[in-house]
Amino acid sequence: TLYDITKEIAYLPLTSLDRLNGKTAIDGVFARLGKGSGSLTYQALLVFVPTVAACTPYVAAISLAAGGFFVWSIWAASKKIEPAVLSSEVF
C-alpha cells in the first residue's frame, strides 16, 4: 500500500540502529494504536448517531481529514528526507 511504501522511504536516512528502533515503534505500537483508535471512533459515533448508515457522512469527513493529513505529512517529511538522500548521507 501507499502507507507501507512511504513508511519505508522515511527510514532511508536513518542509521541501522535508528531504523530498527523506528520500525519497532511504528510497526509494534503505533500501527495497533491506529487500528484501535479507528474502532473506538466508530463506536463513539454509534453512541451519538442511531444507525451505521447515519454515521456514513461523519466517517467520510474523518477519512477525508485523515487522508489530507497523510498527504500533508508526506509532503513535510519529503522536505527533510530529500536533502539527506541527495547528499548521499543515506548509505
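Listed by first and then second residue, the pairs linking a residue in region 7-28 that is open to solvent by less than 60 Å² (accessible area, probe 1.4 Å) and basic (K, R) to a residue that is part of a helix (DSSP H, G or I) and modelled with pLDDT under 75, with Cβ atoms under 8 Å apart and 6 or more places separating them unless they lie on different chains, form an empty list. Among residues of region 60-74 that are touching a residue at least 24 places away in the same chain (Cβ under 8 Å) and farther than 14 Å from Y42 by Cα, those with a beta-carbon under 8 Å from a residue that is aromatic (F, W, Y) and surrounded by 10 or more Cβ atoms within 10 Å (Cβ to Cβ) at least six positions away or on a different chain give the pairs F70/Y3.
The values are calculated or read from the model by the stated rules, or taken from the named source; none is laboratory data. Predicted model, so just to flag it, every value in this text is computed and none were measured. Every residue, glycine as well, gets a Cβ built from its backbone with ideal geometry; the counts of neighbours run over all protein chains shown. To get the accessible areas, we keep the full protein, side chains included, count just its heavy atoms, and leave off ligands, DNA and RNA. Shrake-Rupley method; radii C 1.70, N 1.55, O 1.52, S 1.80 Å.
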